[in-house]
Each structure stands twice: as C-alpha cells, then as structure tokens.
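Below: one structure, written as structure tokens.
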Amino acid sequence: MPRTVRRLGAPGVAADRAAYRQRWKVEAVMAVVKRRCGEALTARLDETQRTQAPRRGVAYNVQRLVRLGGVTSRFRQSKRFSEPV
C-alpha cells in the first residue's frame with residue numbers, strides 16, 4: 001500500500017517553512033516526554049487517560065523549569081521568600 005504524504009504547499013513559501021519548523025519543534029518535545037515518562041499511559045479507562053496525558057505535560061514543564069532554574073529564581077524574587085520567618 002503506497003504512503004501518501006501531505007504537502008505543506010509550494011516549495012519555498014515562507015509560511016509553509018515556518019509551519020514545518022513549528023512541527024519539528026513539537027515532535028522533538030513529544031520525543032523527550034515519551035523518553036522521560038514512557039510511551040504508554042498506565043491508566044486503563046478513557047476518562048483517566050484523558051487526565052493522565054495533560055498531567056504528564058505539566059510534570060514535564062515543572063521538571064524543565066526546575067532544571068533551568070526558573071522556579072528557584074522566581075521564589076528568590078518574591079517577597080514571601082525574602083522575608084525572615
């Protein structure tokens with residue numbers, strides 16, 4: 001069975017190149033999430049699978065913020081963190 005490939009438009013069109021660059025960015029992030037969290041969901045019911053998938057995305061974002069130092073720097077800038085206890 002031959003594979004069909006969807007074309008993004010005429011070659012050389014700037015909007016099509018931008019859309020394709022966006023796609024490979026998304027594909028790269030999805031590959032990282034699958035590598036870190038596993039490819040399959042552990043939930044069996046559809047309802048719980050729908051909640052587990054976004055939670056994995058949130059967990060990935062938190063891990064990335066912590067690794068890049070975004071969370072700790074924001075806490076240091078807040079008044080709550082700098083006030084003596």
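Numbers at a glance
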{"item": "Residue in segment 1-15 that is surrounded by 12 or more Cβ atoms within 10 Å (Cβ to Cβ), assigned to a helix (DSSP H, G or I) and either of a type outside the set (Lys, Arg) or at pLDDT below 90 (or both) present", "result": "no"}
{"item": "Top-ranked residue in segment 41-85 [being outside any helix (DSSP H, G or I) and touching a helix residue (DSSP H, G or I) at 6+ places or on another chain (Cβ under 8 Å); ranked as modelled with the lowest pLDDT]", "result": "Leu41"}
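The values are calculated or read from the model by the stated rules, or taken from the named source; none is laboratory data. Because the structure is predicted, anything quoted here is derived from the model rather than measured. Quick reminder, even Gly has a Cβ in these numbers, built from the backbone with ideal geometry, and neighbours come from all protein chains shown.
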